[in-house]
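Beneath this line is the structure, given in structure tokens, with notes to follow.
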There are 2 protein chains.
Amino acid sequence: MAEAEAGGDDDARCVRLSAERARALLAGVDTLLFDCDGVLWRGETAVPGAPEAVSALRARGKRLGFITNNSSKTRAAYAEKLRRLGFGGPTAPGAGPEVFGTAYCTAVYLRQRLAGAPAPKAYVLGGPALAAELRAAGVASVGVGPEPLQGDGPGDWLDAPLEPDVRAVVVGFDPHFSYMKLTKAVRYLQRPGCLLVGTNMDNRLPLENGRFTAGTGCLVRAVEMAAQRQADIIGKPSRFIFDCVSREYGLDPERTVMVGDRLDTDILLGATCGLKTVLTLTGVSTLGDVRSNQESDCEVKKKMVPDFYVDSIADLLPALQG
Amino acid sequence: MAEAEAGGDDDARCVRLSAERARALLAGVDTLLFDCDGVLWRGETAVPGAPEAVSALRARGKRLGFITNNSSKTRAAYAEKLRRLGFGGPTAPGAGPEVFGTAYCTAVYLRQRLAGAPAPKAYVLGGPALAAELRAAGVASVGVGPEPLQGDGPGDWLDAPLEPDVRAVVVGFDPHFSYMKLTKAVRYLQRPGCLLVGTNMDNRLPLENGRFTAGTGCLVRAVEMAAQRQADIIGKPSRFIFDCVSREYGLDPERTVMVGDRLDTDILLGATCGLKTVLTLTGVSTLGDVRSNQESDCEVKKKMVPDFYVDSIADLLPALQG
């Protein structure tokens, strides 16, 4: 019996998800939420066996959701990538999109917060996908693309024209981030009631072969520090992204599993929202990181311990076959 | 008697510096260190009476030092500005420069830390003044000026060529700060032993008429977060900048006054280094801020209370006349 094998109450967490335990877990859940990068794929390459595991879950009638902090793709672009790498798509008639990226969820947030504004507009530090999801939600945007320094000094930078109707500054992944954009963001944020929204606080964006580049969190922090205020954060571990899924799916948290490769985003989100949690070792976090959190005195770190772990989500296959 | 008027031991701090108290204070000190912006001038306009007060201190034989977190001017440019706005210059024969800006002090730091390196070179997120002070200290630099995004995606950004001999990343005030620069900084910082130095952590750069733009601290934080390491900070309230002055002047802290307009930089530095401290109300901090720090439970905030305050450094004049 799993609990006995794993020892006492506290130690019962982070148990290897054997085929037997996986069968018991899956019998009690309707929905599985997956992080994407480091779980389903790395860059453009599917994790071996992951497409088969996801397809087997679909065949068993499980509802799937794909939750990603990445703001640089639309829902449609993610759905296309899922299909392209062999993860299929929703089969139920009338099923809506399965993907909850921070570009989409930020748009949901702005639609809620700017409801009633005659022509809601956002200053976007981010890419075309973020602007597209906002537009689909009825929020216009300005700012996408390069914004080089204009003029000879601070006086000129502060005199550059602003748009009249901007009611929010949205900070996402923006490879064209610049000092001029930072300055503009701060100027918009001095307007009464102007919102500051960050898609996520990831410090790094992992790429293939262990490489990484600076993450959106670095840009959000710079804006927060200059504006001297905290951003509303959409992505994991903020529960807003889970609330988006929950509202569209009508979720029962106790019958929902969160599967991810990061303790500080995926597993913390699951713990915060009362979901069952599974760490997969194909991405960022390791069992050493889990151990370190288990031994920590910090309450938040103690929450960053999954119920179960797998070497890869391909390990779910035996429980789904036969 | 000042102590009696001001009440008990704790309350004796932040006493108005009357002419009588100023005479007593000045009788016991050799050196006065002044912050510049908000103390001597605002933008290009001298604080009324400030040049006369500084000249009177020179006439009394006091040694003066001008300490600024601003990294966008060389020592020579600051000396020229002091003269232009009527603050004069050192009169003693053979006296060295009186200005200690973070561009110069960062160069001192790098010369110390990179001593022994055959051809020390830094990647500089900053302006030409920072590069010039580094060059004068024997440290070459790359990176000054615009650095637009190259290539189509993260792979290309990470493949952009790096310089072979860079041993430090220096983050100062850089109006050309960009995501591409952030990415390059992080790549240099992955090299073993590469230093990360921030000129200062000011969140805002105050301009004339209450306007401000984003400060160097915002850029340092972005690099720190992406690199997952802390920068060595040169400017106030870090004591390195005081150590620079102390080494060149041979200071006795007990016979030195720090005069500034910011509690969190100038006054904290003075308290940390055992100097006497005077807050002037011509800049950022107010007596309300002082009160709030006096009432705080936070040990660091309790240190951000000056010994004395003046409405303006022109208030020193009566004690220096006659």
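Some notes on this structure:
- Neighbouring partner chain Cβ atoms per residue of B:172-178, average, 10 Å criterion: 5
- From the alpha carbon centroid of region A:22-72 to that of region B:33-88 is 64 Å.
- Taking θ as phi - 60° and the Karplus parameters 6.51, -1.76 and 1.60, the scalar couplings of region B:175-183 work out to x, 9, 3, 8, 4, 4, 5, 4, 5 Hz in sequence order, x denoting glycine and proline.
- Position B:Leu162: other-copy label points at 3.9 nm, ordered by increasing distance, label point 7 Å along Cα→C-beta.
- Cut-off 19 Å, label 7 Å out along Cα→Cβ of B:Arg135, residues of region B:65-88 by amide N: B:71-80
- Protein heavy-atom accessible area occluded, A/B pair - total, 1.4 Å probe, Å²: 2900 Å²
- Helix B:102-113 vs. chain B, principal-axis angle (Cα, 0 to 90°, nearest 10): 60 degrees
- 222 nm mean residue ellipticity, helices alone, for chain A (DSSP H n ≥ 4; -39,500 (n - 2.57); rounded to 500): -10000 deg cm²/dmol
- Averaging the sequence gap over all C-alpha pairs within less than 8 Å and six or more residues apart, then dividing by the number of residues, gives chain A a relative contact order of 21 percent.
- The Rg/Rh ratio of region A:90-166, with both radii computed over alpha carbons and Rh defined as the Kirkwood radius, is 1.13.
- Legend: residues in region A:107-156 shielded by at least 40 square angstrom of accessible surface upon adding the remaining protein chains to the isolated chain (1.4 Å probe, heavy atoms) are A:Leu149, A:Pro154.
- DSSP bridge pairs, the protein assembly as shown: antiparallel proportion in percent, nearest 5: 15 percent
- In the assembly of identical copies, A:Cys298 has its label point, taken 7 Å from Cα in the direction of the beta carbon, separated from the corresponding points by 1.9 nm (ascending, one decimal).
- Inter-chain shielding of B:221-230 (mean C-beta neighbours from other protein chains, 10 Å cut-off): 5
- Approximate spin-label separation A:Lys302-A:Glu163, in nm, with each point projected 7 Å along Cα-to-Cβ: 4.7 nm
- Debye intensity ratio I(q)/I(0), log10, the protein assembly as shown, q values 0.08, 0.10 Å⁻¹ (C-alpha model): -0.69, -0.97
- With the simple model of a label 7 Å out from the Cα in the direction of the Cβ, A:Ser55 to A:Asp30 spans 2.7 nm.
- In nm, spacing of pseudo-spin labels at A:Asp156 and B:Asn209 (7 Å Cα→C-beta vector): 1.8 nm
- Once the partner protein chains are put back, region A:197-217 shows a loss of at least 30 square angstrom of accessible area, versus the chain by itself, at A:Asn203, A:Arg204, A:Leu207, A:Arg211, A:Phe212, A:Thr213, A:Ala214 (probe 1.4 Å, ligands and nucleic acids excluded).
- Annotation: per residue accessible area for region A:1-133 equals 42 Å², rounded to a whole number [probe 1.4 Å, protein chains only].
- Fraction of antiparallel bridges per DSSP, region A:167-300 only, in percent to nearest 5: 25 percent
- All aspartates and glutamates inside 16 Å of A:Lys303 as judged from Cα atoms, apart from same-chain residues fewer than 8 positions distant: A:Asp9, A:Asp10, A:Asp11, A:Asp261, A:Asp264, A:Asp266, A:Asp289, A:Glu295
- Largest-first ellipsoid semi-axes for region A:20-177, taking √(5λ) over the Cα gyration tensor eigenvalues, angstrom: 39, 18, 12
- Here region B:156-206 is assigned +1 on the Cβ of each Lys and Arg and -1 on the Cβ of each Asp and Glu. Its dipole about the Cα centre then comes out at about 140 debye.
- Under 13 Å of direct C-alpha separation, and excluding same-chain neighbours fewer than eight residues apart, A:Lys73 reaches these aspartates and glutamates: A:Asp37, A:Glu133, A:Asp174.
- Whole-number D in µm²/s for chain A (Stokes-Einstein; Kirkwood sum over Cα pairs; 4 °C, 1.567 mPa s): 63 µm²/s
- Length-normalised contact order of region A:260-306 in % [C-alpha pairs under 8 Å, at least 6 apart]: 45 percent
- Sorted shortest first, the separations between the B:Ala56 label point and its copies elsewhere in the assembly read 8.7 nm; each point sits 7 Å from Cα along the Cα-to-Cβ line.
- A 1.4 Å probe, protein heavy atoms only, puts the accessible area of A:Met225 near 30 Å².
- For chain B, the longest principal axis of the Cα atoms and the long axis of helix B:240-249 meet at an angle of about 60 degrees.
- Proximity of backbone amide H atoms, modeled 1.01 Å from N, is registered between B:Thr68 and B:Phe100, B:Gly101, B:Thr102 at under 5 Å, excluding neighbours fewer than 5 places apart on the same chain.
- Taking the accessible area of region B:31-134, probe 1.4 Å, and keeping the other protein chains in place, the carbon and sulfur fraction comes to 57%.
- Net charge dipole size for the protein assembly as shown [Lys, Arg +1 and Asp, Glu -1 on Cβ; Debye, nearest 20]: 1000 debye
- Carbon + sulfur, % of accessible area of region B:260-306 - ligands and nucleic acids excluded, 1.4 Å: 51 percent
- Kirkwood Rh in Å, taken over region A:120-223 so that all alpha-carbon pairs contribute: 14.3 Å
- Test item: Cα-centred dipole of chain A, Lys/Arg +1 and Asp/Glu -1 on Cβ, debye: 800 debye
- Accessible surface of region B:179-244, 1.4 Å probe, proportion on carbon and sulfur as whole %: 44 percent
- The C-alpha atoms of chain B define a longest principal axis, and helix B:216-227 lies at about 40 degrees to it.
- Sparse-neighbourhood loop sites, trypsin sites (Lys or Arg not before Pro) in region B:53-162 - DSSP loop, at most 11 other Cβ within 10 angstrom: B:Arg60
The values are calculated or read from the model by the stated rules, or taken from the named source; none is laboratory data. Keep in mind the model is a prediction, meaning the values are calculated, not measured. Every residue, glycine among them, receives a Cβ derived from its backbone with ideal geometry; neighbour counts consider all protein chains shown. Heads up: the accessible areas ignore ligands, DNA and RNA and are worked out on the full protein's heavy atoms, side chains in. Shrake-Rupley method; radii C 1.70, N 1.55, O 1.52, S 1.80 Å.
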